[in-house]
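To keep things clear, I will list the structure first and then write my remarks on it.
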Amino acid sequence: MIKPDPSDKELSVNLTRNTDLIVALDYPRPDRAMELVDQLQGLPVVFKVGLELFISGGPEVVRELVHRKCRVFLDLKLHDIPNTVARAAQQAALLKVEMFTLHLSGGSTMVKAAAEVLAEIDLLRPRILGVSVLTSFDDVRWAEITKALTGHAATPDDSVAGLIEHATAWGADGVVCSAVELGMIRKQYPSLFTVVPGIRPAGFSADDQARIMTPGQARVAGADAIVVGRPIIESPRPREVAESILKELSDAAISA
Ligand code: C5P
């Protein structure tokens, strides 16, 4: 468990915010996802429907979760021409999800188009989360792709900073980033809503994630929500893992 320095002012500000646990339902079949939802019943978590489950189960999975009064995060990371993304955003809102993702690298017109269409259906308005740099990128792989795109290698830190500088002006309500960038983000944007994947409790494999932190570290760094998939869904005792992550999150707050 992290023992933060109680005299650190930034830390106390970070810890006045709650950190939600988002469980990634990365399953190939809806029935397996619903089994986990049943196992975690009563825990204060948000369920994330990503590409695998959405492609296998379709919008029906989202409807079923909403019907069960679950909080739903639709993580399809939209990235297309503005009209297509705006229309997809409208459909996400009609599904009554709490938040959904699009790639900030889709640019100002694309993000604004989604925000504008949602402004017309204010009552259902989900949070638009802008994905900055995927947590699976390390410095070397990010340098490779940025050099290919622009001729100049960039670091994930610089690219995240550049992308989120515009995120809210374009109409995003928050960003998806790694915990490694939270220090920089909290200094410049204390109230920006941040969702942080690439989270591993101590002792778990990083899998394909590169920029990782533990749940407690991410809480102390100021994450509004953390996303955890494999450590929970691949465990033989998923409820125990989820409960211990929730405890780690609240302990990180108490010990400050
Ligand atoms: O299993 P794991 O905890 O690595 O799952 C992380 C989840 O968060 C996956 O569903 C992945 O698609 C998602 N995600 C991510 N990095 C981002 C955005 C979303 O890992 N930048």
Quiz item: Residue check: is S191 open to solvent by 10 Å² or more (accessible area, probe 1.4 Å), more than 10 Å from the ligand (Cβ to nearest atom), part of a loop (DSSP other than H, G, I, E, B) and small (G, A, S)?
Solution: yes
Quiz item: Looking at A202, A154, which one is touching a residue at least 12 places away in the same chain (Cβ under 8 Å), within 29 Å of R71 (Cβ to Cβ) and away from the ligand (no atom under 14 Å from the Cβ)?
Solution: A202
Quiz prompt | Single residue of the range 133-167 satisfying the filter (part of a loop (DSSP other than H, G, I, E, B) and among the small types (G, A, S)) that is farthest from G107 (Cα to Cα) | solution = S136
Quiz item: Does at least one position in the range 96-104 carry a residue that is assigned to a helix (DSSP H, G or I) and at pLDDT 95 or above?
Solution: yes
Practice problem: Provide a single number: the residues in the range 230-243 that are in contact (Cβ under 8 Å) with a residue 12 or more places away in the chain and either among the charged types (D, E, K, R) or out of contact with any helix residue (DSSP H, G or I) (no Cβ under 9 Å at 6 or more places or on another chain) (or both). | Solution: 3
Quiz item: Which residues, counting only those in the range 108-138, are modelled with pLDDT under 95 and either away from the ligand (no atom under 16 Å from the Cβ) or in contact with a strand residue (DSSP E or B) (Cβ under 6 Å, 6 or more places away or on another chain) (or both)?
Solution: A119, E120, I121, D122, L123, L124, R125, S132
Practice problem: For the range 194-207, name all the residues that are open to solvent by 10 Å² or more (accessible area, probe 1.4 Å) and either within 18 Å of V49 (Cβ to Cβ) or within 16 Å of the chain's Cα centre (by Cα) (or both). | Solution: P197, R200
Practice problem: Could you please find all residues in the range 211-245 being more than 14 Å from the ligand (Cβ to nearest atom), assigned to a loop (DSSP other than H, G, I, E, B) and open to solvent by 10 Å² or more (accessible area, probe 1.4 Å)? | Solution: D224, P236, R237
Quiz item: Is there a residue being among the β-branched types (V, I, T) and part of a helix (DSSP H, G or I) anywhere in the range 171-183?
Solution: yes
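The values are calculated or read from the model by the stated rules, or taken from the named source; none is laboratory data. Please read all numbers here as calculations on a predicted model, not as lab measurements. No Cβ is skipped: glycine too gets one built from the backbone with ideal geometry, and neighbour counts run over all protein chains shown. What goes into the accessible areas is simple: the full protein's heavy atoms, side chains included, and nothing from ligands, DNA or RNA. Shrake-Rupley method; radii C 1.70, N 1.55, O 1.52, S 1.80 Å.
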